[in-house]
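Below you'll find the structure, written out as C-alpha cells, and then a few comments.
Quick note: the coordinates plus some simple rules give every number you see, no bench work behind them. Please read these numbers as outputs of a predicted model, since none were measured by experiment. Heads up, the Cβs are rebuilt from the backbone with ideal geometry, glycines too, and the neighbour counts pull from every protein chain shown.
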C-alpha cells in the first residue's frame, strides 16, 4: 500500500515549512505584479525555487494564498471581548 494515491513525492515537515514561507514571501515581493496565482507566476516561482517544484508547489501556493487578516479573524462579525 502506498502513502499516497498519486505518484507525487511527499515533502517532509521542514520542506513544507520552507515552501510555505517561500510562497508567503513571494506574495509580498510579487503581489503588485501578480494580483493572483497564474501560470506566469507559477513558472517564475518555479525558476527561482532551488528544490523539487512538484514536491513543493502545493505548499508554496498555500503560503501565497495565506492572508493574515483571515487568520486573525479580521473582518468577521465577532463580538468584542469584555
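Suppose the chain between residue 58 and residue 10 were pulled fully straight at 0.36 nm per residue; how much longer would it get relative to their current alpha carbon spacing? Could you put the intermediate results ahead of the total?
Details: separation 48, 0.36 × 48 = 17.28 nm, distance 1.07 nm.
Net length gain for the segment: 16.2 nm.
With an 8 Å cut-off on Cα pairs and a minimum separation of 6 or more residues, tell me the relative contact order of segment 13-69 in percent.
Result for segment 13-69 is 65 percent.
PRE reach from residue 67 (point 7 Å along Cα→Cβ): which of segment 17-40 fall under 13 Å by backbone N?
Output list for this probe position: 36.
Where a ≥ b ≥ c are the square roots of the eigenvalues of the C-alpha gyration tensor, would you call segment 13-69 rounded, which needs a/c under 1.5, or, failing that, prolate if a/b is larger than b/c, or oblate?
oblate
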